[in-house]
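Notes to accompany the following structure.
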Amino acid sequence: MSLKQPCRSGIISRYREHLPISNKTPLISLNEGSTPLLHSPKLSSLLSAHVYLKYEGLNPTCSFKDRGMTMAISKAVEEGAKRILCASTGNTSASAAAYAARAGMQCVVLLPAGRIATGKMIQAYLYGARVIAIQGNFDDALRLVRQLGERHDFVVVNSTNPYRLEGQKTAAFEIIEELGEAPHLHLLPVGNAGNITAYWRGYSEFYRLGISQRLPLMLGVEASGAAPLYHGAPMDHPETLATAIRIGQPASWHGAMKAIEESSGCFDIVSDEEILKAQQWLAREEGVFAEPASVVPVALLLKYASATNPSSLRTNAIFRKLPAHPTVVLTLTGHGLKDPETASHSISPPLEVAPTLQEVLAHL
Ligand code: AN7
């Protein structure tokens with residue numbers, strides 16, 4: 001195949017030959033994908049590595065979910081579906097609602113009541129979804145969605161829908177094309193574990209096709225209060241301020257385990273405090289604003305770089321397997337403006353002064 005230059009025509013157009021698409025599949029796209037791979041000078045120097053940020057917050061609904069949703073909705077339209085349904089911690093519902101609007105379909109979303117970041121909630125409403133708040137967590141909402149899905153009048157567009165992960169794997173393709181090779185290490189946040197499954201599939205497919213010559217080690221990062229994969233057991237009451245990954249029973253458990261085992265990677269964790277610090281650090285040091293769930297890999301690398309006893313971290317064993325000056329990619333899954341409330345804990349209100357030059361100068 002001939003590699004195309006990055007362009008912004010949507011992931012189905014860009015990677016058609018690698019996706020389960022036929023000539024009959026309608027193209028429902030908002031020109032997702034082809035997101036920036038930003039070099040991170042500060043993380044690179046802290047880790048003596050070449051570190052890049054795959055900035056998925058710059059997708060049309062400001063998260064990586066759009067890559068999977070263009071596939072899921074295009075296939076749903078092809079199959080004649082009229083209604084789609086999902087459970088969500090916020091980003092899936094925002095994306096589903098937008099692509100459903102584009103396709104002229106009804107969209108129903110089940111969300112954990114009171115635990116959705118404001119921006120995501122507003123997106124679901126504005127794109128016209130029917131929003132139902134469940135008095136429970138994401139795992140409860142997904143259980144109900146699975147039951148409703150069996151009634152056949154809805155197409156479920158959670159990552160249990162096989163087309164979602166097919167779309168999401170394209171992020172790995174873009175990284176390989178832009179770097180000219182797969183990185184040595186890829187870190188990403190893990191919630192329902194679909195994305196780590198999808199990236200591993202993408203890396204594996206390009207490797208098998210000979211487009212890349214190596215496979216990365218995969219490092220999945222969870223919040224310490226919502227870390228079922230790290231601990232190796234589902235959790236009934238996951239808790240973290242990174243609401244996007246407040247998930248105790250990941251649907252893609254086996255896919256995530258496969259990614260970690262086949263790549264010789266690992267799962268690691270960071271605390272909520274470390275997440276907030278990393279969000280601020282990334283904004284101030286690199287000029288990149290990402291939502292709390294997105295910065296868990298940044299938090300892990302900062303913790304590792306500053307640890308007095310790095311061997312206490314599972315991540316240490318991973319770095320020992322890497323060559324000198326490795327190439328490292330982190331996925332920043334969602335935009336910081338999705339969740340202004342959580343970020344506002346890190347700022348103080350602006351200073352108010354009289355509208356005179358003297359006053360302003362006095363406070364510079
Ligand atoms: C910003 O929207 O599960 O491990 O319902 O929004 O593939 O689940 C979101 C997950 C990471 C975790 N970062 O990805 C949902 C949802 C952000 C996210 C994840 C999510 P997966």
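The values are calculated or read from the model by the stated rules, or taken from the named source; none is laboratory data. Nothing here was measured: the structure is a model prediction, and the numbers come from that model. With ideal geometry, Cβ positions are generated from the backbone for all residues, glycine too; neighbour counts draw on all protein chains shown. We work out accessible area using only protein heavy atoms, side chains counted, and drop any ligands, DNA or RNA first. Shrake-Rupley method; radii C 1.70, N 1.55, O 1.52, S 1.80 Å.
Just a few scattered comments:
- Beta carbons closer than 9 Å, at least 6 apart along the sequence or on distinct chains, never pair a first residue in segment 254-275 that is closer than 17 Å to P189 by Cβ and assigned to a loop (DSSP other than H, G, I, E, B) with a second that is open to solvent by 60 Å² or more (accessible area, probe 1.4 Å) and at pLDDT below 95.
- The single residue among E78, E174, E166, E150 that is within 30 Å of T327 (Cα to Cα) and away from the ligand (no atom under 14 Å from the Cβ) turns out to be E174.
- Condition check for S204 on (1) open to solvent by less than 30 Å² (accessible area, probe 1.4 Å); (2) more than 26 Å from T240 (Cβ to Cβ); (3) not in a helix (DSSP H, G or I): one failure, at (3).
- Test set (1) touching a residue at least 24 places away in the same chain (Cβ under 8 Å); (2) among the acidic types (D, E); (3) open to solvent by 60 Å² or more (accessible area, probe 1.4 Å) - E150 fails condition number: (1)
- Test result for A94, touching a Cys at 6+ places or on another chain (Cβ under 8 Å) and within 13 Å of the ligand (Cβ to nearest atom): yes
- Sub-6 Å Cβ pairs linking a first residue in segment 64-81 that is among the acidic types (D, E) to a second residue that is within 13 Å of the ligand (Cβ to nearest atom), at least 6 apart or interchain, are D66/N59; D66/S95, ordered by first then second residue.
- When the test is whether a residue is under 20 Å from G90 (Cβ atoms), open to solvent by less than 60 Å² (accessible area, probe 1.4 Å) and touching a Pro at 6+ places or on another chain (Cβ under 8 Å), A293 passes it.
- Any hit, segment 255-265, residues being open to solvent by 10 Å² or more (accessible area, probe 1.4 Å), on the phi < 0 side of the Ramachandran plot and within 11 Å of the ligand (Cβ to nearest atom): yes
- Test: I132 is open to solvent by less than 20 Å² (accessible area, probe 1.4 Å), among the β-branched types (V, I, T), closer than 26 Å to I28 by Cα and part of a strand (DSSP E or B): no
- Screening P323, P355 for residues that are part of a loop (DSSP other than H, G, I, E, B) and either within 19 Å of S45 (Cβ to Cβ) or open to solvent by less than 60 Å² (accessible area, probe 1.4 Å) (or both) leaves exactly one candidate, P323.
- Scanning segment 219-247 for residues that are over 17 Å from the mean Cα position of the chain (by Cα) and part of a loop (DSSP other than H, G, I, E, B) gives S224, G225, G232, A233, P234, M235, D236, H237, P238, E239.
- Selection status of T25, among the β-branched types (V, I, T) and closer than 30 Å to A299 by Cβ: no
- Residue among A133, A87, A113 that alone is within 26 Å of A226 (Cβ to Cβ), in contact with a Leu (Cβ under 7 Å, 6 or more places away or on another chain) and without any contact (Cβ under 8 Å) to a residue 24 or more places away in the chain: A133
A quick yes/no check of all residues on (1) closer than 27 Å to A101 by Cα; (2) open to solvent by 10 Å² or more (accessible area, probe 1.4 Å); (3) among the polar types (S, T, N, Q):
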| site | (1), (2), (3) |
| --- | --- |
| L126 | yes, yes, no |
| N158 | yes, no, yes |
| H186 | no, no, no |
| N192 | yes, yes, yes |
| A198 | yes, no, no |
| L215 | no, yes, no |
| M218 | no, no, no |
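- Within the set T118, T92, the sole residue that is closer than 20 Å to I245 by Cβ and surrounded by 24 or more Cβ atoms within 10 Å (Cβ to Cβ) turns out to be T92.
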